[in-house]
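Asker: Quick one: the structure is below, and I'll ask about it shortly.
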Amino acid sequence: MIETLTILEKITTIDNPKIRVIILKNNSVALKKENTYNIQIMGKSMLQWVQDTVRKYPSKSVDYSNQDIIEFVKPLLEDEDYTLILYSDTPLLKESTIDKIIEYATIKNSAIIQLPRGYVLNTQLIKNNSFEYSSKPQFFEGEDFLIVNNFTNLQVAQKIIKNRIITNFIKNGVNILDENVYIEANVKIGKDTIIYPNTVLLGESIIGEKCIIYPSVTIIDSIIKDNVQIYANTIVKQKILANSIIPPYNNNYTK
C-alpha cells in the first residue's frame with residue numbers, strides 16, 4: 001500500500017506518459033567484490049533482473065557511487081515525461097510493481113516521488129529546477145525493494161527468485177514434484193513435463209512437453225525434445241531427440 005506524499009503536486013495529469021528508466025549500478029562494501037551488480041542469482045546478474053523488469057521501457061544503466069542523485073542524473077535526462085531511477089541492488093522488483101509506481105506517479109504528477117529504493121522524476125520539472133526534496137519515501141507491500149547489499153540478503157533474494165521460478169512453471173503446467181530443484185531463469189519447460197527432486201537445469205536449456213526428468217539429473221544448455229525420459233544421475237549437455245530414453249548413471253550425453 002502506498003503512503004501519501006506530496007511534492008509540488010500539480011492538478012493536470014499526463015495520459016499515456018513517456019517513461020525512461022535509469023538504473024544505477026552501485027557496489028556493496030559488505031559483499032566484498034567489485035561490480036557486485038554482476039553477482040549471479042539463478043542464472044542472471046542482479047543488474048539483469050532489474051533490466052528485465054523494466055524491459056518495456058527505454059533504459060540506461062550507469063555507474064554510480066553515492067553522488068547527489070539529482071545533480072547526477074540531470075545530464076542524463078531526456079524528453080520523457082517521467083524518469084524512473086532504480087538501483088541494481090534490487091533484483092526482486094516485479095513488473096507489476098513498476099506498473100503501479102508509474103500509475104501512481106501519473107496521478108500525483110509531483111516533481112519527485114521517493115521510493116524505498118529509487119525515485120520517480122517529473123523530467124521537465126527537474127530539468128527546470130522546479131522541485132523540492134522530501135525524505136519520506138513511498139512504501140509498497142512485499143519484498144520488491146529488498147536491498148541485496150550483504151550475503152544474508154543475497155541468500156534471501158536467491159530463495160525468493162528460486163520460488164518464483166518454480167511457481168511460474170507450475171502455473172504453466174509443469175509438474176515439479178519437490179522444491180528441492182535448481183532451475184535457472186532462462187530455462188524453458190513445456191507443459192505436462194515432470195521434474196523429480198534434486199534436478200539441476202542450467203543455462204539456456206529447453207525441455208519439451210511430456211518429458212520425465214528423474215532425480216539427480218543435470219541438464220546444461222541443452223535442447224530436449226518432447227516425450228523424452230531421462231533417468232537418474234545423468235548429465236546432459238546436447239540435443240536429445242523426441243521419444244528418447246536416456247538410461248541412468250549416464251554421462252555420455254555431453255558434448
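The values are calculated or read from the model by the stated rules, or taken from the named source; none is laboratory data. Predicted model only: the values in this text are computed from it and were never measured. So basically every Cβ, Gly included, is an ideal-geometry build from the backbone, and we count neighbours across all protein chains shown.
Asker: For segment 202-252, which residues satisfy the criterion of being out of contact with any strand residue (DSSP E or B) (no Cβ under 6 Å at 6 or more places or on another chain) and of a type in the set (S, T, N, Q)?
Answerer: Within segment 202-252, SER216, ASN227, ASN233, ASN243, SER244, ASN250, ASN252 meet the criteria.
Asker: Any idea which of (1) small (Gly, Ala, Ser); (2) farther than 21 Å from ARG164 by Cα; (3) more than 24 Å from the chain's Cα centre (by Cα) is the one SER222 doesn't satisfy?
Answerer: Single failed check for SER222: (3).
Asker: Starting from residues that are of a type in the set (Asp, Glu) and farther than 23 Å from GLN48 by Cα, keep the ones in segment 81-124 and report whichever is modelled with the lowest pLDDT. If you could, list the steps in order and put the result at the bottom.
Answerer: Initial filter on segment 81-124 (of a type in the set (Asp, Glu)): 81, 89, 95, 99, 103.
So of that shortlist, the ones also farther than 23 Å from GLN48 by Cα come out as 81, 103.
On the way: ASP81: 93, GLU103: 90.
The selected residue is GLU103.
Asker: Here's something else I'd like to know. Across segment 37-47, which residue is farthest from ASN163 (Cα to Cα) among those that are touching a strand residue (DSSP E or B) at 6+ places or on another chain (Cβ under 9 Å) and at pLDDT 95 or above?
Answerer: LEU47
Asker: Within segment 12-124, considering only strands (runs of 3 or more DSSP E) that don't extend past its boundaries, which have at least 2 residues that are in contact (Cβ under 8 Å) with a residue 40 or more places away in the chain and within 15 Å of the chain's Cα centre (by Cα)?
Answerer: 19-25, 82-87
Asker: Still on this structure, please answer the following. Sort out which residues of segment 143-180 are under 18 Å from PRO215 (Cα atoms) and not in a helix (DSSP H, G or I), and write them in order of number.
Answerer: VAL174, ASN175, ILE176, LEU177, ASP178, GLU179, ASN180
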